[in-house]
Every structure is written in C-alpha cells, then in structure tokens.
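The values are calculated or read from the model by the stated rules, or taken from the named source; none is laboratory data. All values derive from a computational prediction rather than experimental measurement. Using ideal geometry, Cβ is built from the backbone for each residue, glycine included, and neighbour counts are taken over all protein chains shown.
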Amino acid sequence: MSLKVRKLSEEPGVDEQEEGFSGVNSVWAVLKRTDLTGFSSRIFRMELGGHTATHAHDREHVAVVVSGTCVVESGEETRKVGAGSIISVPRNLSHRFSNPSRDRLVLLVMNLFTQPSGSESQLASEEKPEEDEES
C-alpha cells in the first residue's frame, strides 16, 4: 500500500445538475469505498453566484471553507463566513450554501450518516476542549 496524492487543481470534477444547484462543480474527496458506510466527503467549487439548492436530509454536514466566502442560509438565519470557518449543519435542518464573492469558493463538505439517539448531546460535550481552570 502506498500514499495517494491527488491535486484538486487537476481534478475536473462534475458540474452539479441537481435541481436548484447553479454554478457548482464537485469533486469527491473520499472516493467510494465498500468498507466505509457512515461518511462521505466532497469538495464544492463555486464561482460568483454559484449555490446549492435549499434542502434538508437525514445526515449531518460539517463544512470547512477552504478559500473564498460562503453564505450559509437556514430558515431565517443567514451567516457570511470566510476561509478557515467550520460550519456544522445538523441533520434535517434546511440549508443552502452560496458564493457572494467574485473569488471562487472552495468548500469541503463532510457528510456524517448518524443514527438519532440521546447520545448526540453527550458526544458533543465530550468533544469540547477543556477550559483553563485558572480563569
């Protein structure tokens, strides 16, 4: 087994044709694997005015703005975030990503296929970094 390196700039990707999508090109970051069923990841590249459809689904998103500016809309909430921002979209929450800038938006979108349970809040609290006790 050896390392595999792909250059995003050399990946042609696929122009998304789903209803409600416009100006979105996507590249699968994690290629299809039979041993991985609870996770997938792709990179959206959007030019000025590009956007996904407003949609909801039974999986959670964690999205990282690699470069550019992203507007995330959910219901009446709209957030404009830049490179380095991490966006968490809970399962079944209606949302949309768009690019309001003339610079290309590159967005790494990770899909977490989780089972609903009472342990979600417990997991979230376990992942929080410990605070300094001197404060």
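In table form, for the structure just shown:
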item: Residue ID - nearest to Leu112 (Cα to Cα), chosen from residues in the stretch 10-67 that are of a type in the set (Ser, Thr, Tyr) and surrounded by 12 or more Cβ atoms within 10 Å (Cβ to Cβ); result: Ser40
item: Selection within the stretch 68-98 - free of Cβ contacts under 8 Å to residues at least 24 places away in the same chain and not in a loop (DSSP other than H, G, I, E, B); result: Ser74, Glu77, Thr78, Arg79, Lys80, Val81, Gly82
item: The stretch 1-57: number of residues that are without any contact (Cβ under 8 Å) to a residue 60 or more places away in the chain, of a type in the set (A, V, I, L, M, F, W, C) and touching a Leu at 6+ places or on another chain (Cβ under 8 Å); result: 3
item: Selected residue (criterion: farthest from Trp28 (Cα to Cα)) from residues of the stretch 103-113 that are modelled with pLDDT of 95 or more and assigned to a loop (DSSP other than H, G, I, E, B); result: Asp103
item: Number of positions in the stretch 4-34 that are over 25 Å from Pro100 (Cβ atoms) and assigned to a strand (DSSP E or B); result: 1
item: The one condition in (1) assigned to a strand (DSSP E or B); (2) under 14 Å from the mean Cα position of the chain (by Cα) that Ala53 fails to fulfil; result: (1)
